[in-house]
1. What order do you get for 46, 78 when you list them from fewest to most C-beta neighbours inside 10 Å?
2. I'd like the distance between the alpha-carbon centres of the stretch 158-202 and the stretch 91-152, rounded to an integer number of Å.
3. Hey, got the dipole for the stretch 14-227? About the Cα centre, +1 on K and R Cβ, -1 on D and E Cβ, debye to the nearest 20?
4. Which distance in nm do the two modelled labels at residue 12 and residue 211 give, with both placed 7 Å along the Cα-to-Cβ direction?
5. Can you give the translational diffusion coefficient of the stretch 56-177 in µm²/s, computed by Stokes-Einstein from the Kirkwood radius over Cα pairs at 37 °C and 0.692 mPa s?
6. Rounded, prolate or oblate: pick one for the stretch 22-97, where a ≥ b ≥ c are the square roots of the eigenvalues of its C-alpha gyration tensor, a/c under 1.5 means rounded, and failing that, prolate if a/b is larger than b/c, else oblate.
7. In the stretch 14-227, with Lys and Arg counted as +1 and Asp and Glu as -1 at Cβ, which of these residues, 59, 85, 37, has the Cα nearest the positive end of the dipole, that is, farthest along it?
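Only the coordinates and a few stated rules stand behind these numbers; no lab work does. Treat the numbers as computed from the prediction; the structure is a model and nothing was measured. Cβ placement follows ideal geometry from the backbone for every residue including glycine, while neighbour counts extend to all protein chains displayed.
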Amino acid sequence: MDTSFIKTAFRQSMISKLLIINIAVFLFISVAGVLFYLFGLQGYMDNLAVKYFALPAAISKLAFRFYTPLTYMFLHIDFWHIFSNMLWLFCIKQILEYMLNNRQQLGVYILGGLSGALLYILSYNIFPIFSNSIAGSVCLGASAAVTAYIVLIAVLQPDYKVLFFGIIPITFKWIAIAYVVFDVFQIQGTNAGGHIAHLGGALFGFLFATNYKKGKDLTEGFNKLVDGLFSLFSFFKSKPKMKVKYNKYKDTEYSQQQNFSDAEFNQQKASDQQKIDEILDKISKSGYSNLSKEEKDFLFKMSKK
């Protein structure tokens, strides 16, 4: 069996991996649904997936499906639902890769999704308006996590410009504001739970970004937990890795067995950070497409460090 495609896919950035996982889950459910349909079981696979992997609002159901606050954010049944979420991820992929490392990208996705799940469950169990619908209400999709990304970008790079409909330039802060306001007003609609979950994701995105600007990473605890879990379930020790003194870069310019003094390393690090800040300022003013190839290559290298 040729595993080259799988190996190549999982060498990509974390955003790319999240895109692949979400699409793969959707395709699996869709293909299985077709097979069940051919045997006369129309809708069986969709119902099965929702029943066991979507997030229930009722605490009595959540107690037996305690894992669903994680699984629901990778579950899509409707094509347009996954299309809109994955389109957002694809469109903001590059700016996220330059702003956050892989661990932070995953942390924001998971914690943004969990924040959406928490606000959804609390709202349905607190507010009387949902008392008649709580028993059958479920939440699914990556929207809360995607909203966390959108708000995060708006706070860290509010003047970052995108072309709306490929024509109209609009700064990201207005996109995020419109996104959040729309969700607030749609709570009165037929998908109240989904829009409440979006707001939970938006709240985490805002908290992460405001703390990140102060030098605090809210995903650090989550990433330590993930590291601990991987260590716990690791049965084989990996081969010792070559250690390079004072090296934090993957670029061969810095990493080919070179040793730096503290002063040299700090000077180089400060120079790189200044260049990154200048390029990000240029992105916020004129857009990513106006960067030179050299600037794009430099950002890509720095995002992999």
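1. In increasing order of surrounding Cβ atoms, one gets 78, 46.
2. With the stretch 158-202 and the stretch 91-152 each reduced to a Cα centre, they are spaced 13 Å.
3. So the dipole magnitude of the stretch 14-227 works out to roughly 280 debye.
4. Taking the two extended label points, one gets 2.9 nm.
5. Translational diffusion coefficient: 207 µm²/s.
6. Details: a/c = 2.95, a/b = 1.21, b/c = 2.43.
Oblate is the answer for the stretch 22-97, as a/c is 1.5 or above yet b/c matches or exceeds a/b.
7. Value: 59.
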